[in-house]
Amino acid sequence: MKSAIVNRKNLAVILVVVLIGAGTQGINYSQAADEYPPTSRIFLLKNGVSILFVPPIGRGTVYAAQDRSTVSLDLVRNSKWQRRDDSTSPWVDVPDSERATGLYGYVITLPGEYRWVGELNINGVWGKYGSRNMLQLTPEGKVTDIPAEVEGVPNDRYKMTLWRHTRGVLAVAFSPDGRTLASGSYDHGIRLWNAKTGEYKMKLSGHTEGVTCLAFSPDSRTLASGSWDRTVRLWDAKTGEHKRTLKEHTDGVRAVAFSPDDGTLASGGYDRVIQLWDADAGEPLQTLEGHTNYIRSIAFSPDGSTLASGSYDLTIRLWDAKTGDHKLTLEGHTNGVLTVAFSPDGRTLASGGYDRTIRLWDAKTGDPLQTLKGHTHDVNAVAFSPDGSTLVSGGNDFTIQIYDDTIRLWDAKTGDPLQTLKGHTSGVTSLAFSMDGSNTLASGSWDRTVQLWEFAPATSVVEPSQPEGDLNADGVVNIQDLIIVASQFGQTGTGQDAADVNKDGVVNIQDLVLVAGAFSVTISAPAAHPHVVETLTAGEVQRWLHSAKQLGHKDATMARGIVVLEDLLALLTPTETALLHNYPNPFNPETWIPYQLKTPAAVHIDIYNPHGILVRELSLGYQVAGRYTSRAHAAYWDGRNTVGEPVASGLYFYTLTAGDFSATRRMVILK
């Protein structure tokens, strides 16, 4: 064992086990590399240590830390925690002296990998079981959840399990900017998570029944939720504040979707109609009727021209999203349609349903293209990867009378099965891809969890292509590309094709917003763009943002671009007004005086000698809020007095006046 000890006070983490019953004879593997097959899952909970048995054998708490009681010992024996330094080390039982929280609890103190092992009595038959997951503690104190590695057992690598809901998770959705993940549950609540770290942010409460569906607006500012309580609620996605409740449906709501231009919200449900709403005002616009049974899923095409709806009446209907006219009815499913999704290019529509099949359709003509078979139970969700190469489906597949619930990956062009992901312990209800390029797939399940998967599209090897918007061909779309577009504003004709992103013959604000919308790095992290302050001002970005918001049609990419510009403006806008150190200092004969403004103000700098005599005045005029630190934007002094004579060596003072703010610093001239 390693001797390194992690601070107990700061890093006490309780291990919690959820054991999955596996039939009367336990689980058999063709190659058993361990005497404890990995069939259970470890969770981190704050309320103590418990072991939950789920169907088919019911639930029972083995150890509850709250009242320090031990029950159900007739179902568990020889329970213990084991630890190893790394995957090359043998497992060692944790000594009783270190089991600080009770019979089935253990406080992590030593770096390494941990698992639970023991024997379970399932329907009268005792069998050995081990945790399907392990917890890994680094010397720095970071705890991660990793799959157990057992020969002959599928090892699905996923990022993390999010555990907060108290009942089944019915919906998951990523914000288009990739920062927030939302999950809705049968427990009536909505949870918001940091999509990058999995950190729990807040709970949104208000629905009086289960939350069945979620959708973010294209600009990531608004979250829409639908519920069995017959309402659609709109929330501020950043603060969690409830904005308004939409009440037109006469029965439960099962689907919500925003149009790509952010102007329309669609909802559908058990009352068999689709309601179109003004996304900003929340006012009803139109009601689409035609389905003869309840509507389970709706989706807008990427260009916003078509709305698709899937229903328990076995059909999919395509509607003109602008006029509401019925365009086509797609028939082929032999049972209710539970999910629909458009491919990123808008050419293909995928659907899944109670008939256990996935069907691909020509989104323009409605012609059937392929039927994909592999699920052995309902297909609850389908989703295309952002690049369109992979189709993912989730459903309920039974094995040995319990859910063997899977996520299946298919080649979106050929329909060939690529991979099956296993991890949930009950039905997979919903799927969502992050659109920020992180290759993250989220899945929600009746097992009350959200799982985040490391997704790598399984496609043939191709030469890397230059991302759209990567104007300097460095392999990433970032601030440098934005500056290239800005520097060529107004230019037309040949030679400017790279900056003319939308190929309309002129480099303008539309091209700049499209490049911003394709950013590969989060703008809000200053370390990712150390040269931003040196090259841009808040005033420039403010003008870009004003022009961008005047644009008529804004698709999802342009909406993301506006969000990026807003983040960039926030990055360039200081939280306080300040006078900074001049540079170089000492200097001869010239120097630059940097400053920053929290709010717009008339800026004036006075320079004095040690006797308090005014040497030079620099009137900089009215300046917008921002950072004026680079040589291109800071105040400049050439080392001369008001009559143009070079000043003598020595100590000088400079005072910045900006509105009600005033500050003074020293500088030195050496000749």
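A few notes on this one:
- Alpha-carbon centroids, segment 172-200 and segment 619-671: separation in whole Å: 49 Å
- Dipole magnitude for segment 272-406: computed about the Cα centre from +1 point charges on Lys and Arg Cβ and -1 point charges on Asp and Glu Cβ, it is near 280 debye.
- Highest average first, the peptides 226-239, 637-650 ordered by how many other beta carbon atoms sit within 10 Å of their residues are 226-239, 637-650.
- Amide H partners (placed H, <5 Å) of residue 212, local residues excluded: 226, 227, 228
- Highest-first packing order for the peptide set 367-378, 168-179, 205-216 is 168-179, 205-216, 367-378, based on the mean count of other beta carbon atoms within 10 Å.
- Annotation: amide H-H contacts under 5 Å for residue 380 (H modelled 1.01 Å from N, sequence separation of 5 or more, or interchain): 394, 395, 396.
- When all protein chains stay in place and ligands, DNA and RNA are ignored, the 1.4 Å accessible-area order of 420, 655, largest first, is 420, 655.
- Segment residue 376-residue 543, length gained on full extension (0.36 nm per residue, minus Cα span): 54.5 nm
- When peptides 501-511, 256-266 are ranked by their average number of other Cβ atoms within 10 Å per residue, the highest-first order is 256-266, 501-511.
- For the residue pairs 196/413; 196/364; 364/549; 203/247; 247/322; 364/413, alpha carbon separations beyond 28 Å are given by 196/413; 196/364; 364/549.
- Take the Cα of residue 489, step 7 Å toward its Cβ, do the same at residue 619, and the gap between the two points is 2.7 nm.
- Based on C-alpha pairs under 8 angstrom that are at least 6 apart in sequence, segment 255-360 has a relative contact order of 18 percent.
- Computed from backbone phi with θ = phi - 60° and the Karplus coefficients 6.51, -1.76 and 1.60, the 3J(HN,Hα) list for segment 479-492 is 4, 4, 5, 4, 5, 4, 4, 4, 6, 10, 3, x, 7, 9 Hz; x is used for glycine and proline.
- Two-site FRET efficiency, residue 199 against residue 239, from Cβ-Cβ distance with R₀ of 25 Å, rounded to 0.05: 0.90
- Near residue 370, the amide H atoms lying under 5 Å from its own belong to 360; only residues 5 or more places off or on other chains count, and H is placed 1.01 Å from N.
- Distance between the 7 Å Cα→Cβ label points at residue 208 and residue 78: 5.4 nm.
The values are calculated or read from the model by the stated rules, or taken from the named source; none is laboratory data. Bear in mind that the values here come from a model prediction, so they are computed numbers and not experimental data. Methodologically, a virtual Cβ is constructed for each residue, glycine included, from the backbone with ideal geometry; neighbour enumeration extends over all protein chains shown. Note: accessible area is taken over every heavy atom of the protein model, side chains too, but ligands, DNA and RNA are not part of it. Shrake-Rupley method; radii C 1.70, N 1.55, O 1.52, S 1.80 Å.
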